[in-house]
Each structure stands twice: as structure tokens, then as C-alpha cells.
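Chemist: This is the structure, below, for whatever I ask next.
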Amino acid sequence: MYHINLIIDNIKIVNYFTLKYLGEKMIKIGVIGAGRWGTNHIRVLSELSKEQPNKLMFTAICDIDISKALNLAKTYNIPHVFSDIFEFSKHVDAAVIATPIETLSNVALKMIDRGKHVLIEKPAAITSKDIIMLEDFAKKKDAVVGVGYIMRFTSVIDFIKPSLTKFSPIFILFRRFSRRVEHIKKIHIVFDLAVHDIDLCLYLTDADSWKLEYAKIFHTDIDDSVISVLKVKDLYCNIHVDGVSLHKVREIDIVGTKAFVRGNIIEDTIMIKWDNGEFNVLKLQDEEPLKKELKSFIEAIELRKYGKLANLSDAFKVLKIVEEIMNYTT
């Protein structure tokens, strides 16, 4: 077990102790997991702590690879580095958990048990039963638990959700293609990629129930491809994810009686073809989705309202559908 203290920026020290003296609430936050996605959280939280010095203090990083955590802490001027989550928990009010998928729920349980608020990277757990356990702990500890379904915070989804009914949708088609690197392939593609679009299907339609109409997993020598169809309310979500394609695609199509809409999440563009022949192409501009997600997590802690941030109930529904897809036979 390691714990390393780094030199703290003097301004941060003044801000923290001044706020303590004034009785205002300062949220101390840290990140568990210094891998690729954890590094993104660390970068953005460092920015947010500078933008909101009266609200947020980024205090600690935890990773079993202490050298990796130490390098990031030096880069972003984070005062504490740990290899042990129990010691880490003494220095935070809230934590982002970006550990390997098979460890997410266990790490989250330990943090919640210590009274900490957590943002767990998607899908938050491997099974829906694990989500139930997390919900029980969160209720007992009165903890805010968000789940990192970041696609909710993209500019394309921000545009589509409030406008969806205008298009009179019949089908929503999701395409998520990209050649996955070798070390990611150990994670089943349904857990890695499909969960995003399953969540978006439910989020966009505000659906609490669904029917899995079809699911098929195609195996190739390179990776898998999955096609599934969900019926929610009066429309169908067609979800196609693929780990083989050399061309990266992140698109959503709305096929409606009044319009056809294509959203390109990579390019932040919307194309609309209306039933009267009118044609629109929009270039969207917005701040980074991860920053919006982390702001939403901080607001959830302050206000106890999740807003767009996915919660454990959302994560439970996604994993129930995942389990149905994995067990589906045609």
C-alpha cells in the first residue's frame, strides 16, 4: 500500500481553509483508476476544480499502479496518491470509479459503505443483481450514485431528445462501429459498446418497459457484431454494434412519418429531411460531454437531483436488457 503527498498549490490551500472557516460546502473529489478513461476524468476534473474553486477540490488519485497515478498527480497537481482505496476514501467526499469493468461494482460498494458519493463508469456492474446490491447500499448510506453513460451528454442527443416527438418516430436506428484494440476485446462487445445505445433508447423515449424483439451475436475471427431490436412504447430501437469495422461510426437515425433525422455524434452534426421536402444540416457546438457529465454529478450531490445523469435504476434496466440479449436464441 502506498500513499504519497504532493506539494499543493497555495491558492488551493487558502480556498479550502477559507471555505471551511466560512462554513460553506466544499466537495472533495478523487478518481479511482488511472487507465485511459480514468485519465480523461482526471484531466477534466482538474479543469473543473480550477473553474469552480469555491465548490470543488480535486484531492486524490488511486490506482494499483502507483507510478501511473503519481505521474498523473504531478501533471495535474493533485495532492494525494494512493494504491489503497480505504486510505483514499479518507480524503474524499465523492469519487469517480473508472476501474476495469469486472471490478466496478465491488469498488463502488466499498466507497458507498464509507459514505461516499460515486460516479461509476458504465455499465456499473456485470449483472443486474449487482445493481440491486448497490441500490441497497446507496439507500442505507444516503449516497448519490451516478452511472457514466456519457452519450446522454453529447450535443446530438441534447438536440434530439426534446425534439423527438416532432419527427413522429417509428424507428430509431443506432450504429456504433469501430475496430476494437486487442486488450478491449476481453470485454464482451455488448457490455463495451451496446450498453450505450440501449441506454439511449430508453433515455430518448423515457421508457420504463420494453420488449426484446430480436437479438443476434455474430462471431468473426476479428471481433463480434451484435444486432438487437427493442420495442419501446410505440416505436422500435434497432441497435447495431460492431467491433470489426475499420471505419469508426457513431450515428443515430430517426425514421418518422414527419421527418428523417441523422445525427453524427463524431462530427456533431444533424441532418433533417422533412416530409414537405425541406432539408436542414446543422453543425452543433457544445462543451466536452465528459465535462457536462461531471458537472451533472456534482450538481446531483448538491441538489439530490440527477437530471440527465444516469442513476442505478437506469443501469439496472440496461443490464436487464443485456442479460436478455445474451440469453436470446432465434
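Chemist: Say the cut-off is 29 Å between C-alpha atoms; which of 216/248; 25/292; 74/295; 185/283; 55/283 go over it?
Modeler: As for pairs spanning more than 29 Å Cα to Cα, those are 185/283; 55/283.
Chemist: Taking amide H atoms as placed 1.01 Å from N in the peptide plane, list the residues 5 or more away in sequence, or in a different chain, whose amide H sits under 5 Å from that of residue 224.
Modeler: Excluding prolines and chain starts, which carry no amide H, the hits are 243.
Chemist: Using the Cβ atoms and a cut-off under 12 Å, what net charge is assigned to the surroundings of residue 92, where Lys and Arg are +1 and Asp and Glu are -1?
Modeler: +2
Chemist: Tally Lys and Arg at +1 and Asp and Glu at -1 over the other residues with C-beta under 10 Å from the C-beta of residue 232: what net charge comes out?
Modeler: Spelling it out: positives minus negatives among the neighbours equals 0.
Chemist: Please identify, among 277, 148, 38, the residue showing maximal mean-square fluctuation in a Gaussian network model of the chain using a 10 angstrom Cα cutoff.
Modeler: Of 277, 148, 38, the most mobile in the Gaussian network model is 277.
Chemist: Still on this model: Hey, in the GNM for the chain with a 10 angstrom Cα cutoff, which one of 103, 220, 39 fluctuates hardest?
Modeler: Highest fluctuation among the options: 220.
Chemist: Would you work out which of 88, 64, 125 lies farthest towards the positive end of the dipole of the chain, given +1 charges on the beta-carbon of Lys and Arg and -1 on that of Asp and Glu, about the Cα centre?
Modeler: Farthest towards the positive end: 88.
Chemist: Moving on. For the peptides 115-127, 314-326, what is the packing order when you average, over each peptide's residues, the other Cβ atoms within 10 Å and list the highest mean first?
Modeler: Going by the mean number of other Cβ atoms within 10 Å, highest first, we get 115-127, 314-326.
Chemist: May I pose another question? Spelling out what I want: for every residue of the range 314-328, take phi, set θ = phi - 60°, compute 6.51 cos²θ - 1.76 cosθ + 1.60 (Karplus), and round to whole Hz; glycine and proline get x.
Modeler: So the Karplus estimates, Gly and Pro as x, are 5, 5, 4, 4, 4, 5, 4, 5, 4, 5, 5, 4, 5, 9, 6 Hz.
Chemist: Pull the list of the chain cysteines that no other Cys approaches to under 4.7 Å, Cβ to Cβ.
Modeler: Isolated Cys, the chain: 62.
Chemist: Report, for the chain, the % of DSSP beta bridges that are antiparallel, rounded to 5.
Modeler: Taking every DSSP beta bridge within the chain, about 60 percent pair in antiparallel fashion.
Chemist: Follow-up. Here are some pairs, 139/317; 166/186; 90/122; which of them have Cα atoms lying more than 29 Å apart in this structure?
Modeler: The answer is 166/186.
Chemist: Using +1 on the beta carbon of Lys and Arg, -1 on that of Asp and Glu, and nothing else charged, what's the dipole of the range 155-285 about the Cα centre, debye to 20? Kindly include the intermediate steps, with their values, before the conclusion.
Modeler: On the way: 18 positive and 19 negative charges, 21 e Å.
Dipole about the Cα centre, nearest 20: 100 debye.
Chemist: Multiply the residue separation of residue 248 and residue 326 by 0.36 nm, subtract the distance between their alpha-carbon atoms, and state the gained length in nm to one decimal.
Modeler: 25.7 nm
Chemist: Now for a separate question. Can you tell me how the chain classifies by the Cα gyration tensor, rounded, prolate or oblate, using a/c under 1.5 as the rounded cut?
Modeler: Prolate, since a/c reaches 1.5 and a/b exceeds b/c.
Chemist: How would you rank 80, 247, going from fewest to most other Cβ atoms within 10 Å of each one's own Cβ?
Modeler: Fewest to most other Cβ atoms nearby, the residues stand as 247, 80.
Chemist: Here is a further query. Going by alpha carbons, how many degrees (0 to 90, nearest 10) lie between the helix axis of 195-205 and the longest principal axis of the chain?
Modeler: Result, in degrees: 70.
Chemist: With n ≥ 4 as the cut-off for DSSP H runs, can you work out [θ] at 222 nm for the chain, using -39500 (n - 2.57) per run divided by the number of residues, rounded to the nearest 500?
Modeler: Result for the chain: -11500 deg cm²/dmol, rounded to the nearest 500.
Chemist: Once phi is turned into ³J(HN,Hα) by the Karplus curve 6.51 cos²θ - 1.76 cosθ + 1.60 with θ = phi - 60°, what whole-Hz value does each residue of the range 40-45 show in order, with x for glycine and proline?
Modeler: So the Karplus estimates, Gly and Pro as x, are 5, 4, 4, 4, 6, 5 Hz.
Chemist: Most fluctuating residue of 196, 219, 91 in a GNM of the chain with Cα springs under 10 Å: which is it?
Modeler: Result for the chain, Cα springs under 10 Å: 219 fluctuates most.
Throughout, read-outs are computed from the coordinates displayed, never taken from laboratory work. On a predicted model such as this, the values are computed, not experimentally measured, just so you know. For neighbour counting, all protein chains shown are included, and Cβ atoms are generated from backbone atoms with ideal geometry for every residue, glycine included.
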